[in-house]
Amino acid sequence: MDKTRKIDFATIGLRDALDLAVLIEEEAKERYEEFADSMEKHHTPAAAKFFRFMRGIEELHEAKLKGQRSELFGDARRVVTREMIYDIEAPETGEPRTHMTARAALEIALGAETKARAFFEQAIERVKDSSVGSLFEELRDEEIEHQELVRKMIAKLPPEDAGDIRDYEDPPVTL
Amino acid sequence: MKEPTVLPTYQAKDFKSELKPIWCPGCGDFGVLQAIYRALAAVGRAPHEIAFVSGIGCSSRIPGYTTAYGFNSVHGRALPIAQGIKLANPDLLVLVAGGDGDGFSIGGGHVPHAIRRNIDLTYIVMDNQIYGLTKGQLSPTSPKGLHTVTSDLGSLEEPVNPLLYTLAYGAGFVAQGTPADMAGLADIIEEAIRYPGFSLVNVQSPCVTFGEDDNQVKAHRAAMKPLSSIGHDPTNRIAAMDLAQQYGKALHTGVFFKNPSPPPTYDALVRERQRSLAEKAVPRERLLDMFVQK
Ligand SMILES: Cc1ncc(C[n+]2csc(CCOP(=O)(O)OP(=O)(O)O)c2C)c(N)n1
Ligand code: SF4
């Protein structure tokens, strides 16, 4: 599935690549925030807590990349926009469920980190600018680190009774 | 990367309201909403130039989650209200949203009239084959045999086919998408908005709570067949109708039909008539003369 629009990896330069990286983190941050809000609304506190934690991580990365961008390019205009990217590191909107367990929430994040890693791996093969290549390698390595972090968190969780989430539906109420 | 000469005026986030969706976590409508934000950004009209009308249902909450003018109206009555808005203020971009129940059950009678009048509206139907908001009753698009709270032994009814139905009534633009391909869905919605006339986007938007397990986003991703990949010609209405018959059996995504020579819209005809009548109109200061016997 196409994850970008109008981005030519063969000609992308460092400024646009940094802007792209910032937007990828921003998209993931917002998605985790939406998930956390939704989980809170639907009485699923453990997953909400974890999604909020992930939101914080994405925010830190976003800030770091923004810093790099302004150090190197100041306020030079941005041509890469959010409309050009689709769920690169953001977990997909269809993933969460009411009363999902913390483990299921962590698995959603693991899936998101895995697809982000695959995205950077594919991008690395297409870029020609070496500074962009190094940036994408760095970002890919960070995704690998995140995967490890989430895997460790999953390993620490107590075993659980999966149950059937359909027993705990929480749909909106009728008017 | 090639520098665009003009940067887009609006971004997807400009269309996102403060209201937080209360849909069940994982509901397909979340993805549809994201696609709508992106399509609106691409179209580039200001939020205050857009009116978004819906009926009642989970999916009908969509207007409230955008910064456009919104009217979460009456069950099944989104289309007539939207038609009125468009005729009263033709400069507005008018979008209509709702569920398959809202659009093809209680509101079904309005669809042919919106189509035959060819009012410039974009109708986005979140077709989840169930009544979501009222907790899982049979809907007009539910497949035959479906077990629901109102069809405990399995539905005996043939479903409505929204694609074939709207094509048969002469809609100039008919497309189908799924949140499993958000980029593709955003493109379809953008194209529908840009089409000058009535356009339908039927979105297979899964209901995670009352929908079937094999009709969720992951299953869509595996099953979807983009029409572009099978060489479909979207200017051919008969070919579109042929493919539309696969509704419920195959998940075709993309534009089924787009009229290559769109006829004038009703709003354009009304404006044209107003202009021609205005030429013959009596000036305001001579209005009373009409009632004075000479
Ligand atoms: C006149 C009237 N009749 C019935 C209802 C109850 N009602 C509310 S929403 C709905 C159907 C919802 O299904 P759909 O339109 O498919 O939307 P979804 O919730 O699945 O998005 C019904 C029957 C109502 N609100 N008003
Ligand atoms: S009941 Fe179904 S359609 Fe309604 S919010 Fe929940 S998942 Fe979505």
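What follows draws every value from the coordinates through simple rules; no lab data is involved. A quick note: this is a predicted structure, and the numbers were derived from the prediction, not measured. Cβ atoms come from the backbone with ideal geometry, glycine included; neighbour counts cover every protein chain shown.
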Options B:Ile22, B:Ile81, B:Ile85, B:Ile115: the member that is touching a residue at least 40 places away in the same chain (Cβ under 8 Å) and surrounded by 17 or more Cβ atoms within 10 Å (Cβ to Cβ): B:Ile115
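May I ask you to verify whether A:Phe50 is of a type outside the set (Val, Ile, Thr), touching a helix residue (DSSP H, G or I) at 6+ places or on another chain (Cβ under 6 Å) and more than 30 Å from B:Ile22 (Cβ to Cβ)?
Numbers: of a type outside the set (Val, Ile, Thr): yes; touching a helix residue (DSSP H, G or I) at 6+ places or on another chain (Cβ under 6 Å): yes; more than 30 Å from B:Ile22 (Cβ to Cβ): no.
No: the conditions fail for A:Phe50.
In the stretch B:17-38, what count of residues is obtained for those that are farther than 17 Å from B:Gly98 by Cα and more than 9 Å from chain A (Cβ to nearest Cβ)? Step through it out loud before you land on a result.
So the first thing to find is which residues in the stretch B:17-38 are farther than 17 Å from B:Gly98 by Cα, and the list is B:17-20, B:25-26, B:38.
Adding the requirement that they be more than 9 Å from chain A (Cβ to nearest Cβ) leaves B:17-19.
Counting residues in the stretch B:17-38 that are farther than 17 Å from B:Gly98 by Cα and more than 9 Å from chain A (Cβ to nearest Cβ) gives 3.
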Considering only residues of the stretch B:125-153 that are free of Cβ contacts under 8 Å to residues at least 24 places away in the same chain, small (Gly, Ala, Ser) and closer than 22 Å to B:Ala219 by Cα, which is farthest from ligand 2 (Cβ to nearest atom)? B:Gly145
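Report whether or not B:Ala35 is within 29 Å of A:Val173 (Cβ to Cβ), touching a residue at least 12 places away in the same chain (Cβ under 8 Å) and assigned to a helix (DSSP H, G or I). Before you say what the answer is, go through the steps one by one.
Details: within 29 Å of A:Val173 (Cβ to Cβ): yes; touching a residue at least 12 places away in the same chain (Cβ under 8 Å): yes; assigned to a helix (DSSP H, G or I): yes.
So B:Ala35 fits the description; yes.
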Looking at (1) on the phi < 0 side of the Ramachandran plot; (2) over 15 Å from the mean Cα position of the chain (by Cα), which one does B:Gly44 not meet, given that it meets all the others? (1)
Assess whether B:Pro80 counts as being part of a helix (DSSP H, G or I) and out of contact with any helix residue (DSSP H, G or I) (no Cβ under 6 Å at 6 or more places or on another chain). no
Would you mention how many residues in the stretch B:79-109 are within 16 Å of ligand 2 (Cβ to nearest atom) and either among the β-branched types (Val, Ile, Thr) or away from chain A (no Cβ under 14 Å) (or both)? 5
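If you go through the stretch B:47-77 one residue at a time, how many are within 16 Å of ligand 2 (Cβ to nearest atom) and not in a helix (DSSP H, G or I)? Reasoning before the result, please.
We begin by selecting, within the stretch B:47-77, every residue within 16 Å of ligand 2 (Cβ to nearest atom); these are B:54-65, B:72, B:75.
Right, trim to not in a helix (DSSP H, G or I) and you get B:54-58, B:72, B:75.
Total meeting the criteria: 7.
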